[in-house]
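In what follows, a single structure is set out as structure tokens and then discussed.
The values are calculated or read from the model by the stated rules, or taken from the named source; none is laboratory data. Since we're looking at a predicted model, the values are computed, not measured. Using ideal geometry, Cβ is built from the backbone for each residue, glycine included, and neighbour counts are taken over all protein chains shown.
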Amino acid sequence: MFVDIITAARILRSCATYESLCHGMRLHLYLIKSGQDTGLFIHNCLLQMYVKCGSTGDAHQFFHQMPQRNTFSFNTLIEGYIKSSDLNSAIQIFNTMPMRNTFTWNSIIHSLTKCGRVAEGRVLYQSMPERDPSSLNALMNGFLCHGHPKEALDVFQESQSMTGMRSDPFVLATILTICSELLALYLGKQVHSQIIAGGLVFDSVLSSSLVNMYSKCREMDGACRAFEAMIEPDEYALTALISGYANCGKLDESRLLFVRVRKPSSVMWNSIIAGCVRNNREREALQLFIDMKREGMKPEAATFTSSLSACASMGDHKLGQELHAHAYKMGLAHDIIVSSSLVDMYAKSGLSQNACVLFSELDKPDTVLLNSMITAYSNCGRVDMALQIFKTMPKRSLISWNAMVVGYSQNGYAIEALELFHKMQILDLRMDEITLASASSSCAKVCSISLGEQIHARAVVVGLDRDAIIGSSLIDLYCKCGDIEDARCLFEGLPTFDEVPWNAMITGYAHHGYVSQVLQLFYEMRNMGVKPNGVTFIGVLSSCSHGGLVDEGRRWYDVMRYGYGIEPVAEHYACMVDMYARAGLLKEAEDFIDGMPFEADEFMWSSVLNACKNHGDEALAKKATERLLRINPGNSGAYVQLSGMYAACGEWDKAVEVRRMMHDSGIRKSPGLSWINSLKEMSV
């Protein structure tokens, strides 16, 4: 049977899988025997067949046997090397090409950016004789995907003068994505205006990118307008809007959007679950996880990550262990992101040993997991182990530095935290809201207002002074250093939708005994529609305690429990005990302690004992002293307070007896200490 060149070419082009390679090779042999294997056209068809079938070695050998080659020949072999992940060989062929077309340049640039060699891609892009939107978009996406949005923006700005770059919808969509990553709302609005002025059609890609940009920049009015202007809103835009509302603290609006979707995708489920976690509504997040499974949706790594984060926030290690088992059954337990979340959950739940065991089971922990282990060790007080991991990390990210700074700060190593922050400054490392907030918190711990003001200035310079986390940390700093007026001025300039700044200001007022200001601010918070949380009520109850407002304190305690569904924790119970004790309601204080779901701690019994001294209740004082010594046998304060009470009542014999018991037990009164600020020479 005779096969002509045209038919042979058609058959060769149909050979596109490894299984069809043998058919292509037989046809190649037939062409040789029939003397039809000559000519550049059929040679290119054969070369393309070998590449499509995945036989790069045969393609390489045949290419070098070809008597003639054109640009198509080179491009085909380059494509083969790229498909087989042999980029270096592709570059070698590229460098030997006598002529290159746009396809050639774009293929290499795309490949370089995909494998993270974006700097090389940028050099190649700059040497292109004619740059086009495709290569620009590939380069920008490369920088963006590898965590360098600023460099991606630089590349665009270098190419703005070139024809077509400012009007290509894919380029503009990428720029909008860059704006969303950089939270560059002003630039995003400029791009939006440019699209309108240029008369470009708002296709689904551009429209979705606009919704995403406005949502991430928390400009929800703009996001809604862009969404409503879409003829057929797609999943990406709707997911961006759901996440945007959740990020702005408007979870109810986010959930309302979600429930309107007939069949939410896994991405939407993950977004709403993550939104609940970010808004401290962990139980809702876990209920959504259950609902997702009931709907027949398969949980993904992102689903487990958010759900485990909810367990970590609640301290519910039992539910976390159930999720661990479920992830294990689905083959996701050793996924690097899920593993990091598991480590974090165990660490925050006080099960550091479980975190260490899980960590030891993993073959190749990456930077993300090592960061989680720094946090895990820090959360259980093992700062030395956290520091060891930090020092031995092959590559440290911003999160690594932040984890170590936070670890130092939360474990009382404020000076070390500030020294590490100072080192970041010297190395000119990028800082974010976590870095600055942790450094500010460390300044608050050592009452260093001068360093705190420098950090405040740095936040202003980098445009993060209105960030809720940094603002709250700075409010705490100014309050602890006694500068209430500056703290209030800072508070007034922060966004009002987040409860964190409100809590910081309420707590600051409470620590300084400004009872009326605490309650006034609390009323304003509720009127603004900001939902108080457990931290808010600690400040409110503490103020009621110090102000002697027993009825007010009882009312807000009940509102917290039954109005907002917030279960009291040790701090809330301590505030109530202290409130009753300060008011002289010792029987109520004792009854309240007896009704608690756990044993009273040292602070609670100390409050009761101090009140007994003021009101002469000898029986309860003895009980309080016994409980204090049971908790801490070396508590000198319990002996001193009981002795002082007897002395105040004129019962000197009993006072002397208590002092003798204290002496016989080998317990000494802790001396008072003073300290001075030695941080003046440190400059951040």
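Some notes on this structure:
- Qualifying residue in the stretch 536-544 (condition: part of a helix (DSSP H, G or I), surrounded by 22 or more Cβ atoms within 10 Å (Cβ to Cβ) and modelled with pLDDT under 90): no
- Filtered residues of the stretch 297-332 (kept if under 20 Å from the mean Cα position of the chain (by Cα) and hydrophobic (A, V, I, L, M, F, W, C)): Ala301, Ala302, Phe304, Leu308, Ala310, Cys311, Ala312, Met314
- The set of residues in the stretch 451-462 being within 23 Å of the chain's Cα centre (by Cα) and either crowded, with 18+ Cβ neighbours inside 10 Å or in contact (Cβ under 8 Å) with a residue 24 or more places away in the chain (or both) consists of Ile455, His456, Arg458, Ala459, Val462.
Conditions (1) over 22 Å from Ser473 (Cα atoms); (2) outside any loop (DSSP other than H, G, I, E, B), marked per residue:
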position	(1), (2)
Ala510	no, yes
Arg561	yes, yes
Glu567	yes, no
Asp591	yes, yes
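- Among the conditions (1) within 27 Å of Glu79 (Cα to Cα); (2) in a loop (DSSP other than H, G, I, E, B); (3) of a type outside the set (A, V, I, L, M), the only one that Gly199 does not satisfy is (1).
- Considering only residues in the stretch 126-145 that are part of a helix (DSSP H, G or I) and of a type in the set (A, V, I, L, M, F, W, C), the one that is nearest to Ser159 (Cα to Cα) turns out to be Leu136.
- Candidates Ser473, Ser448, Ser438, Ser442: the one that is over 26 Å from the mean Cα position of the chain (by Cα) and polar (S, T, N, Q) is Ser448.
- Hits in the stretch 468-498 (condition: in a loop (DSSP other than H, G, I, E, B), farther than 23 Å from Gly513 by Cα and out of contact with any Pro (no Cβ under 9 Å at 6 or more places or on another chain)): Gly493, Thr496, Phe497, Asp498
- Single match in Gln61, Gln68 (criterion: touching a Leu at 6+ places or on another chain (Cβ under 6 Å) and farther than 14 Å from Gly24 by Cβ): Gln68
- Candidates Tyr562, Tyr509, filtered to the one that is surrounded by fewer than 17 Cβ atoms within 10 Å (Cβ to Cβ), of a type in the set (Phe, Trp, Tyr) and modelled with pLDDT of 90 or more: Tyr562
- Test result for Glu433, acidic (Asp, Glu) and over 25 Å from His317 (Cβ atoms): yes
- So Ala347, is it part of a helix (DSSP H, G or I), within 27 Å of Lys318 (Cα to Cα), modelled with pLDDT of 85 or more and not aromatic (Phe, Trp, Tyr): no
- Options Val343, Val338, Val357; residue that is over 19 Å from Pro394 (Cβ atoms) and crowded, with 23+ Cβ neighbours inside 10 Å: Val338
- When residues in the stretch 241-276 are screened for being over 21 Å from Phe497 (Cβ atoms) and either in contact with a helix residue (DSSP H, G or I) (Cβ under 7 Å, 6 or more places away or on another chain) or of a type in the set (Ser, Thr, Tyr) (or both), 8 of them pass.
- Taking the criterion of being surrounded by fewer than 21 Cβ atoms within 10 Å (Cβ to Cβ), within 19 Å of the chain's Cα centre (by Cα) and not aliphatic (A, V, I, L, M), the residues of the stretch 260-280 that qualify are Arg278, Asn280.
- Identity of the residue in the stretch 11-52, among the basic types (Lys, Arg) and in contact with a helix residue (DSSP H, G or I) (Cβ under 9 Å, 6 or more places away or on another chain), that ends up surrounded by the most Cβ atoms within 10 Å (Cβ to Cβ): Lys52
- Of the helices (runs of 4 or more DSSP H) lying entirely inside the stretch 207-288, those containing at least 2 residues that are of a type in the set (A, V, I, L, M, F, W, C) and over 20 Å from Glu300 (Cβ atoms) span 220-228, 235-247, 251-259.
- The selection criterion, being buried (at least 17 other Cβ atoms within 10 Å of the Cβ) and under 19 Å from Gly147 (Cβ atoms), does not hold for Leu429.
- Unmet criterion (only one of (1) closer than 18 Å to Gln388 by Cα; (2) crowded, with 18+ Cβ neighbours inside 10 Å) for Lys423: (2)
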